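Accompanying notes for the structure given below.
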Amino acid sequence: MGTEEVRLPSASSHAMVESYVSRMASQLPAHFAFATLAPWRSPQRPSRLAAPDSAPEGHWDAEVIASLASECNSLLVPCTFKTRYEKRVMKKLMEQLEPHGDFCVYVLQLLEVPGEMSREYVQAVMPRHDALLAVGANAVVLDPGDDPDRLRHKLDQERAWFEANAKRAHSMVVSNDEHFHRVLKYHHKLLWEAVPEALMPKFDPIDRNLVETRYRVGNYQLTNRFRARSGTVLLADRSESEKLVLKVYDKSICVSVEDLECIDRELRFLRDRLRHPHIVRCSSMHHSFSRVYLALEFGGMQNLHQRLHDQPGYRLDLEDAVGCAMQIAGALAYCHSRDVVHRQVSLEHIIVDDQYDKLFCRLVDFNRAACCPDSTPSVMPCGDLPCIAPEMALDESYFAKPADCWSLGVVLLEAAGGLGSMKQAVGWLERAELEPTARRIQSFFSGNGSHARALAIMGGVRSEPVLAKLSALLEPRPAARAAMGVIAQSSA
């Protein structure tokens, strides 16, 4: 009941916000400015106002923001926070305000009280309030009211509390550095020793004697560094004939239980549960006081995105493209038969190697993988454009196996048609918002002939076998999408 699937605020919510701003802007001192989450519609526009110039993306003029920040010290953002649109653009507004650190941001949560405040209404409002508290504003004022003096007093009080707490925190860190380091030490012990010991029996304990130098980790001689999408990946030799990859997790960056769980997921799936020639194996884990290392099977020096970038036309020949997709389909079918889902299949998570004049592909990065039976929906969005499934990008519950199938379809499209085929076919900007882009993708692939247009858009590629697979995988309706086992068993 927290948010509704509405792309823009309702007319009543929008009218409430504009009416509130119009009433209060002239009654508050000049150091208060206002911002709205939707474009301003009323003919009378207050002078100290920042409103987005477009919808549904939401973008505030940077010069207007800078001008308000130089003239005012507080920004008031009234909203109802009933819709996904408000949730999305509030995040964008906070990002635009980041360079103006002294600009205090106060969110005013307006209530549309239907007569007497009922228990059901409170239950609907409070999840929105909790979501607002998480956006990073200096304060969230619930039901600010129409009395400008009371509102000003409340906001001045909030600012004084914020400044006092900031000074107190800074003073504590500066004056009690020893206490601060004790807290960090306790956090490290709790996260990396107590939690794994209690909940993660496969997680190796800290080896305080593990050798870590610039050229060596334990028995591994470090020889090279991979170009990786994120984190650090090192090529290592354990013997003259054995190459491995060390995936490095730096504890100074991994600071939450969620980060720890991602490492544990990858360890359990790749070392203990999955055995398939097209899935990279984990042979061991090495745990020092400052880092965690996963020793992985060497699968090649490039991922599929890098390989495509180096190819003429940014694509593989059709035989290699289909062969690569079928190898990964086999790996995913194996996972799905054991109710394991990857959830972020992408070009970057497929490692390619040349073996006997053919590409040999392996699936990597299982840190978002999960055990998920057919009947169990997932809610955590994973992955990025262009490979993320539309239903996953729409911030809805989804079924993970069909989402993996969609992602493999994008991999095949990019490998056969050319790197960037999905983006060019559907059309989106470099920093496109995920949710509206997902809707554009759904709409595009609902049209007749869309798969053929997408495959041919970069280099005029045409192939009936490839189109048959794309049509089965890039199906906007998850329930109608082909299962991975069916794809893996189909002929090339």
Once you charge only the Cβ atoms, +1 for Lys and Arg and -1 for Asp and Glu, what is the size of the charge dipole of the chain about its Cα centre, to the nearest 20 debye? 560 debye
On C-alpha positions alone, give me the angle between the axis of helix 62-71 and the longest principal axis of the chain, in degrees, nearest 10. 40 degrees
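What's the FRET efficiency of CYS371 with SER26 using the Cβ-Cβ distance as r and R₀ = 56 Å, to the nearest 0.05?
0.45
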What does the C-alpha gyration tensor say about the overall shape of segment 281-385? Classify as rounded when a/c is under 1.5, otherwise prolate if a/b is larger than b/c, or oblate. oblate
Please give, to one decimal in nm, the separation of the simple spin-label points placed at TYR186 and LEU199, each 7 Å out from Cα toward the Cβ. 1.9 nm
Taking the Cβ-Cβ separation of THR232 and ASP143 as r and a Förster radius of 45 Å, what is the calculated FRET efficiency to the nearest 0.05? 0.40
Treat each spin label as a single point 7 Å out from the Cα along the C-beta direction, and report the ASP250 to ARG168 distance in nm. 3.4 nm
Mean Cβ count within 10 Å, highest first, over the residues of peptides 188-196, 275-283, 316-324: 316-324, 275-283, 188-196
For the chain, what is the mean residue ellipticity at 222 nm derived from helices alone (per DSSP H run of n ≥ 4: -39500 (n - 2.57); sum divided by total residues; nearest 500 deg cm²/dmol)? -12500 deg cm²/dmol
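What length, rounded to one decimal in nm, is gained on full extension from ARG281 through to ALA432, with 0.36 nm per residue of separation minus their alpha-carbon distance?
Using 0.36 nm per residue and subtracting the Cα-Cα distance, I get 50.9 nm.
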Residues with amide H under 5 Å from that of VAL217, placed H, sequence gap 5 or more: LEU222
Please give the FRET efficiency for GLN355 paired with ASP259, using the beta carbon to beta carbon distance and R0 = 35 Å, rounded to the nearest 0.05. 0.50
If the cut-off is a Cα-Cα distance under 15 Å, which aspartates and glutamates reach LYS469, setting aside same-chain residues fewer than 8 apart in sequence? GLU319, ASP320, ASP404, GLU414
Relative contact order computed over the chain (Cα-Cα under 8 Å; 6+ residues apart), in percent: 9 percent
Please go through segment 37-110 and write out the trypsin sites (Lys or Arg not before Pro) that DSSP classes as loop and that have at most 15 other C-beta atoms within 10 Å. ARG41
If you plug each phi of segment 271-287 into the Karplus form 6.51 cos²θ - 1.76 cosθ + 1.60 with θ = phi - 60°, what whole-Hz ³J(HN,Hα) values come out, in order, with x for Gly and Pro? 9, 10, 10, 9, 9, 8, x, 9, 10, 5, 8, 9, 8, 6, 10, 10, 10
Measure off 7 Å from each Cα along the Cα-to-Cβ vector at ASN224 and ALA160, then give the distance between these two points in nanometres to one decimal. 6.4 nm
Charge-dipole axis of segment 214-366 as Lys and Arg at +1 and Asp and Glu at -1 on Cβ define it, positive-most pick from GLN306, VAL217, ILE279: VAL217
What are the principal axis extents of the Cα atoms in segment 385-429, in Å, biggest first? 30, 22, 10
Using alpha-carbon coordinates, inclination of helix 257-267 to the longest axis of the chain, degrees: 10 degrees
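Kirkwood-based Rg over Rh for the chain (C-alpha set), two decimals?
With Rh from the inverse mean 1/r over Cα pairs, Rg/Rh is 1.02.
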Anchor LYS82: lysines whose Cα lies under 29 Å away (excluding residues fewer than 8 positions away in-chain): LYS91, LYS92, LYS154
Over the alpha carbons of segment 208-339, what is the largest minus smallest coordinate on each principal axis, giving the biggest first in Å? 50, 35, 30
Interchain or sequence-distant (5+) residues whose placed amide H lies within less than 5 Å of the amide H of GLN302 are VAL352
Take each of the peptides 138-146, 327-335, 208-216, average the number of other beta-carbon atoms within 10 Å over its residues, and list them starting from the highest. 327-335, 138-146, 208-216
Under 14 Å from a point placed 7 Å out from the Cα of ALA124 along the Cα-to-Cβ direction: which residues of segment 82-100 have their backbone N that close? 82-83
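Evaluate the relative contact order of segment 295-355 (contact order divided by residue number), counting alpha-carbon pairs under 8 angstrom at least 6 apart; express in whole percent.
66 percent
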Give me Rg/Rg_expected for segment 350-469, where Rg uses Cα atoms only and Rg_expected = 2.2 N^0.38 Å with N residues. 1.13
Less than 17 Å apart at the alpha-carbon level, and either on another chain or at least 8 residues along: which aspartates and glutamates does that give for LYS202? GLU193, GLU258, ASP259, GLU261, ASP264, GLU266, ASP272
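Every number in this text was worked out from the coordinates using simple rules, so none of it is lab data. Not measured: the values here are computed from a predicted model. Virtual Cβ from ideal backbone geometry, glycine too; neighbours counted across all protein chains shown.
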